[in-house]
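Every number here is computed from the coordinates shown, using simple stated rules; none is lab data. None of these values were measured; they are calculated from a predicted model. Every residue, glycine as well, gets a Cβ built from its backbone with ideal geometry; the counts of neighbours run over all protein chains shown.
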Amino acid sequence: MTPIADEAATRFAFSLLRSAYLDLAQTLLRIEAEPARELLQAVEHRIAYRLGSLAQDESDGAPQETALAIAAGQVRAVLRDAQGR
């Protein structure tokens, strides 16, 4: 794939996963709010830990750090949206 096609595919995949995650979170919160919030927070903590690990592993290049920071910001926005924050 060309870099442009690869980026488009990545954006499309992220969009699909974002929608699915938000739908799942809304459904879980409607069924039983407190356990759903605990689960969503656990997922958020796990993702934050993984992003932190990636940042340490990729500490050799500024462009990679910038890309990671942008990706992390987008993921955190989805997690906040899922919990209604």
Problem - Leading residue at positive end of dipole, the chain (Cβ point charges), from Phe14, Ile47, Leu28 - result: Leu28
Completion exercise
Which of [x] 27, 18, 8; [y] 35, 14, 9; [z] 21, 13, 11 gives semi-axes √(5λ) of the Cα gyration tensor in Å as computed here? It is [x]
Handout entry: Sum of -39500 (n - 2.57) over DSSP H runs of 4+, divided by residues of the chain (222 nm, nearest 500)
Key = -31500 deg cm²/dmol
